[in-house]
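Take a look at the structure below.
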Amino acid sequence: MAKNFAEIGFSAAAKKLQEKHGSRKTYSRMESQTAYSGLGKHEQSFIAQRDSFYMATSGENGFPYIQHRGGPKGFLKVLDENRLGFIDFKGNMKYISVGNIATNNKVSLFMVDYPNKRRLKLYAKAEIVELKDNPELFQNLDLEDYKFQPERMMVFNIEAFDWNCPQHITPRFTVEEVEEALKPQYEHIKNLEAEITELKAKLGL
């Protein structure tokens, strides 16, 4: 397992640029002082609240591929402090990500909480698990009250993670989040309408 996120992310070229622009000393300390010891409660809670994430894989031709994965909140499940998993729904049947993982199982995951301007990035080694090969895992990953056609399962063995700064994240809200925020206003309007109806009845209008 990797020592930390910087150890994976900082290539020789990246370090050379850090030296050139004056940030190498700071990041060198980060490399030496930060060690991966599993996902903490904060990371696990953050992941459990996500309804989407981005996954980067690399093909045999050297080109990276980034895929958006989505589902109901919590579809990406924390199996333990070192593993995440989800059911791969049947989609457009291009199989680019799955094909890439077949030859290079190293992936990068990127998760964003837009309303609160937080983002978590992870390095992991992916494992493709066929449905018939692990029914118990499927039970752990199964989603209640959500219509989908399962095709396979995917497990991520986490190597390292890091939190990004909130700079330049534009807050965005789902319909559900907007409706929840407007509930007090809706209730207030409903009460006002009831009072108006009552007053009209008293006045004979």
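Compute the semi-axes of the equivalent ellipsoid of segment 2-109, taking the square root of 5 times each eigenvalue of the Cα gyration tensor, and list them largest first in whole Å. The partial results should precede the final answer.
Details: eigenvalues 167, 86, 26 Å².
Whole-Å semi-axes of the equivalent ellipsoid: 29, 21, 11.
Enumerate the amide H contacts of Leu79 below 5 Å, restricted to partners 5 or more residues apart or on another chain; note that Pro and chain-start residues carry no placed amide H.
Under 5 Å from the amide H of Leu79: Leu84, Gly85.
Calculate, in nm to one decimal, what Lys200 and Glu179 gain on full extension: separation in residues at 0.36 nm each, minus their alpha carbon distance.
Numbers: separation 21, 0.36 × 21 = 7.56 nm, distance 2.99 nm.
Full extension of this stretch gives 4.6 nm more.
Mean residue ellipticity at 222 nm from the helices of the chain, using -39,500 (n - 2.57) per DSSP H segment of n ≥ 4 over the full residue count, to the nearest 500 deg cm²/dmol? Intermediate values should be presented prior to the final figure.
Details: 7 runs with 77 residues, N = 205.
After summing the helix terms and dividing by residue count, I get -11500 deg cm²/dmol.
Using label points projected 7 Å from each Cα along Cα→Cβ, tell me how many nm separate Tyr114 and Glu19, to one decimal.
4.1
Mind pulling the angle between the C-alpha long axis of helix 12-21 and the longest principal axis of the chain? Nearest 10 degrees, somewhere in 0 to 90.
Result, in degrees: 70.
When ligands, DNA and RNA are left out and all protein chains stay put, how many square angstrom of accessible area per residue does the chain have with a 1.4 Å probe?
Values: 13450 Å² over 205 residues.
Ligands and nucleic acids excluded, the result is 66 Å² per residue.
Estimate the FRET efficiency between Asp145 and Thr103 by the formula 1/(1 + (r/R0)^6), using the beta-carbon distance for r and 25 Å for R0, to the nearest 0.05.
Numbers: r = 36 Å, r/R0 = 1.45.
Using R0 = 25 Å, I get an efficiency of 0.10.
In sequence order, what are the phi-derived ³J(HN,Hα) couplings for segment 23-28 according to the Karplus relation 6.51 cos²θ - 1.76 cosθ + 1.60 with θ = phi - 60°, rounded to whole Hz, with x for glycine and proline?
Using θ = phi - 60°, the values come out as 10, 4, 4, 5, 6, 5 Hz.
Rounded to a whole number, what % of the accessible area of the chain do carbon and sulfur atoms account for, probe 1.4 Å?
Numbers: 6910 of 13450 Å².
Here carbon and sulfur together make up 51 percent of the probe-accessible area.
How much FRET efficiency would the formula 1/(1 + (r/R0)^6) give for Gln49 and Ile189, where r is the Cβ-Cβ distance and R0 is 30 Å, rounded to 0.05? Provide the component values of the computation, followed by the final result.
Working: r = 29 Å, r/R0 = 0.98.
FRET efficiency, Gln49 to Ile189: 0.55.
The values are calculated or read from the model by the stated rules, or taken from the named source; none is laboratory data. Note that the structure is a prediction, hence the values are computed from the model and not measured. Positions of Cβ are generated from backbone atoms using ideal geometry, with glycine treated the same way; all protein chains shown enter the neighbour counts. Side chains included, ligands, DNA and RNA excluded: accessible areas come from the protein's heavy atoms. Shrake-Rupley method; radii C 1.70, N 1.55, O 1.52, S 1.80 Å.
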